[in-house]
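Working notes, structure below.
Here, each number is a calculation from the coordinates, and none is a lab measurement. Computed from a prediction, not measured in an experiment: that's the story for all the values here. Methodologically, a virtual Cβ is constructed for each residue, glycine included, from the backbone with ideal geometry; neighbour enumeration extends over all protein chains shown.
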């Protein structure tokens, strides 16, 4: 009986060791792939368009502001009735 427990614990430690080793290798492989992809395909900065047609100082379209204001007034008007 004692030999079976020792064999069981030995297999358990061996299995946990292999899982630990696999996870360590997986971490390094993931870091390497991330660096490789960043090297091969660097992120390019996004350039915002400089069209300021119809935008007020807060960056909101004037027509959109008018539509939203009209919708709010209509909703408040229908709520009172």
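Determine the shape class of the stretch 1-41: with a ≥ b ≥ c the square roots of the Cα gyration tensor eigenvalues, call it rounded for a/c under 1.5, and otherwise prolate if a/b is greater than b/c, oblate otherwise.
Prolate, because a/c is 1.5 or more and a/b exceeds b/c.
Roughly speaking, what is the stretch gain from residue 61 to residue 23, that is 0.36 nm per residue apart minus the C-alpha to C-alpha distance, in nm to one decimal?
Using 0.36 nm per residue and subtracting the Cα-Cα distance, I get 8.5 nm.
What nm distance separates the two modelled labels at residue 69 and residue 7, each placed 7 Å from Cα along Cα→Cβ?
In this crude spin-label approximation the distance works out to 8.6 nm.
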